[in-house]
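Working notes for the structure below.
The values are calculated or read from the model by the stated rules, or taken from the named source; none is laboratory data. Note that the structure is a prediction, hence the values are computed from the model and not measured. For neighbour counting, all protein chains shown are included, and Cβ atoms are generated from backbone atoms with ideal geometry for every residue, glycine included. The area values use the complete protein model at the heavy-atom level, side chains included, leaving out ligands, DNA and RNA. Shrake-Rupley method; radii C 1.70, N 1.55, O 1.52, S 1.80 Å.
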Amino acid sequence: MKMNAQNFPKLLVITVNAWSDKIASGNTISNHLGGWDKSKLSNLYLRNEEIDNDCCNTYFKIDEKQIVKSFFFKKKIGVEIQLNKEIGKKETIVAKQSKIKFFFIRTRPVIILLLRELFWKVGFRRRSKLDEFLNKNAPEAIHVHNSSMIYGHRILNYCYRFTNAKVVVFFGDENYSYKNYWPLNLLYQSILRYWIRKTVSISSINYAATPELCDYYSDIFGKEFKVLYKGISVLPPVRKSYSKPLKIVYAGNLLYGRWQTLSLISKAIIEISTNQIEFELSIYTGTPLSKEMDINLNTKNSTVMNAVSFNEIKKIMEDADIVMHVEAFDKKNIQKTKYSFSTKITDCIQSGNCVMGVGPSELASINFLKKSECAIVANSYVDIVSQLQKITLDSEIINDYRINMFAVSKDLFNLGSIRKNLYKDIIALNQKEIH
């Protein structure tokens, strides 16, 4: 099957957040769809945030402010946006709301989530502008990352019914199982589970981030799930010499208890740096810091930096000595991240530097690093101290892990192969080769 611009079907990408390479979900979508024909891509997104990608030119935004106006004042929702328009205004809005937004993301009070769903259900009725957008762009396929927001599933199902397009779903996290048994949590989770089942029922192709998640969902839904990794391009590593302090970099959000794991690393660095500073930890994140985070992460050997563009992060990680992947150790967050394979792992691998993974061994991401023997892995605070001490005694360990990682990742995460297989699947849907 030939893959050229004429073969590509018109593809609508539905996202809750704006499509931005500065956040993990947007960066993953750009990674997967970076070779798609721009003229055949459009994006429907559901928050008033900044667009920042080089893949797509055509957008339609529905945000919560519009939904509220529709709910109370019967205003029509939605606006079509071309790339680079209204960027300055959106930056201002995001900056003002970031701490409030982070509070709700971190605490997720269920009563607020349920009220939001009510607003979206009622406010979405005045959607004639969206209908015009869908008619004009006439998507033949719809691609979506599975959402933990019920309204994301509702809107996907509406677009599917309106366009009769084929649906391709990527499951990056495990959102289906019950996480909390308080009555309101059970209510929200039950409704979400209903809509996830509806999404799976209309999907023609289902992807998941790990083999473990594929198996788990295949057993539940009785449908095939394929593994879809984030792709990278890696070069054979050349052995390097290292000097102290060694530079450790973490780039990503601090949610799901990750900041607490990073605080353990900072504490371990202080513990082993008795005669000289052995390591410097730099944390690049867009997550606003609470006072507790600030105290524990901004220390004499670790510093929190603001989020930067993906291209800047790539350069920073390439200049590091060790790049970090971390997950939380508490039971609540283990349940949330058990089947996930953080896209940050592939970003770490692409840097060509030594990867260090810190977290419980039952997580799919940590288990991958440990089983493949291609990264330094610590499953406890004692492990963190022990592994860092080994590096201080023999920094050549870093080169050994870099070489092992290249051998494991050069085929598994090959960007060209991943895109080729993804595009082949979607094109085949349009040509009715997959049913």
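Observations
- Comparison of VAL408, VAL358 shows that the only residue that is β-branched (Val, Ile, Thr) and closer than 22 Å to GLN335 by Cα is VAL358.
- A Cβ distance below 6 Å, combined with a sequence gap of six or more or placement on separate chains, defines the contacts here; from segment 161-189, residues that are within 16 Å of THR199 (Cβ to Cβ) reach residues that are assigned to a loop (DSSP other than H, G, I, E, B) and open to solvent by 20 Å² or more (accessible area, probe 1.4 Å) in the pairs ALA165/GLU140; VAL169/ASN146; PHE171/ASN146; GLU174/TYR339; ASN175/SER148; GLN189/TYR178.
- Only one of the numbered conditions (1) touching a Phe, Trp or Tyr at 6+ places or on another chain (Cβ under 8 Å); (2) more than 26 Å from ILE345 (Cβ to Cβ) is not met by ASN53, and that is (2).
- Residue in segment 57-70 that is of a type in the set (Lys, Arg), modelled with pLDDT of 60 or more and more than 21 Å from ASN27 (Cα to Cα) present: yes
- Selected residue [in contact with a helix residue (DSSP H, G or I) (Cβ under 8 Å, 6 or more places away or on another chain), in contact (Cβ under 8 Å) with a residue 12 or more places away in the chain and either of a type in the set (Ser, Thr, Tyr) or closer than 27 Å to TYR229 by Cα (or both)] from ALA268, ALA307, ALA320, ALA328: ALA328
- Contacts under 8 angstrom Cβ, first residue in segment 410-429 being of a type in the set (Val, Ile, Thr), partner open to solvent by 50 Å² or more (accessible area, probe 1.4 Å), 6 or more apart: ILE426/LYS166; ILE427/MET1; ILE427/MET3
- Conditions (1) more than 21 Å from the chain's Cα centre (by Cα); (2) of a type outside the set (Phe, Trp, Tyr); (3) part of a helix (DSSP H, G or I); (4) at pLDDT 95 or above; number of the one not met by ASN185: (4)
- Segment 220-267 - residue that is more than 27 Å from ASP330 (Cβ to Cβ) and in a strand (DSSP E or B) and, of those, modelled with the lowest pLDDT: ILE232
- Subset of segment 226-257 [in contact with a strand residue (DSSP E or B) (Cβ under 7 Å, 6 or more places away or on another chain), closer than 23 Å to ILE29 by Cα, of a type outside the set (A, V, I, L, M) and open to solvent by 20 Å² or more (accessible area, probe 1.4 Å)]: LYS226, ASN253
- Considered as a group, the residues in segment 318-344 that are hydrophobic (A, V, I, L, M, F, W, C) and buried (at least 24 other Cβ atoms within 10 Å of the Cβ) include one that is farthest from TYR284 (Cα to Cα), and that residue is PHE341.
- Of the residues making up segment 107-144, those that are part of a helix (DSSP H, G or I) and either among the basic types (Lys, Arg) or under 30 Å from TYR423 (Cβ atoms) (or both) are ARG116, LYS121, LYS129, LEU130, ASP131, GLU132, PHE133, LEU134, ASN135, LYS136, ASN137.
- In segment 67-83, the residues that are touching a residue at least 40 places away in the same chain (Cβ under 8 Å) and open to solvent by less than 50 Å² (accessible area, probe 1.4 Å) reach residues that are in a helix (DSSP H, G or I) and of a type in the set (Lys, Arg) with C-beta atoms within less than 7 angstrom, at least six apart or across chains, in these pairs: ILE77/LYS129; GLY78/LYS129.
- Sole exception among (1) assigned to a strand (DSSP E or B); (2) at pLDDT 95 or above; (3) over 17 Å from LEU156 (Cβ atoms) for ILE14, by number: (3)
- For TYR178, the stated conditions hold: it is closer than 22 Å to VAL110 by Cα, surrounded by fewer than 17 Cβ atoms within 10 Å (Cβ to Cβ) and hydroxyl-bearing (Ser, Thr, Tyr).
- Any hit, segment 157-173, residues being in a loop (DSSP other than H, G, I, E, B), farther than 17 Å from VAL16 by Cα and among the acidic types (Asp, Glu): no
- Residue within segment 199-212 that is open to solvent by less than 30 Å² (accessible area, probe 1.4 Å), in contact (Cβ under 8 Å) with a residue 60 or more places away in the chain, among the small types (Gly, Ala, Ser) and in contact with a Ser or Thr (Cβ under 7 Å, 6 or more places away or on another chain) present: yes
- Whichever residue in segment 194-210 is under 12 Å from GLY172 (Cα atoms) and either modelled with pLDDT under 95 or of a type in the set (Gly, Ala, Ser) (or both) and, among such residues, is nearest to the chain's Cα centre (by Cα): ALA209
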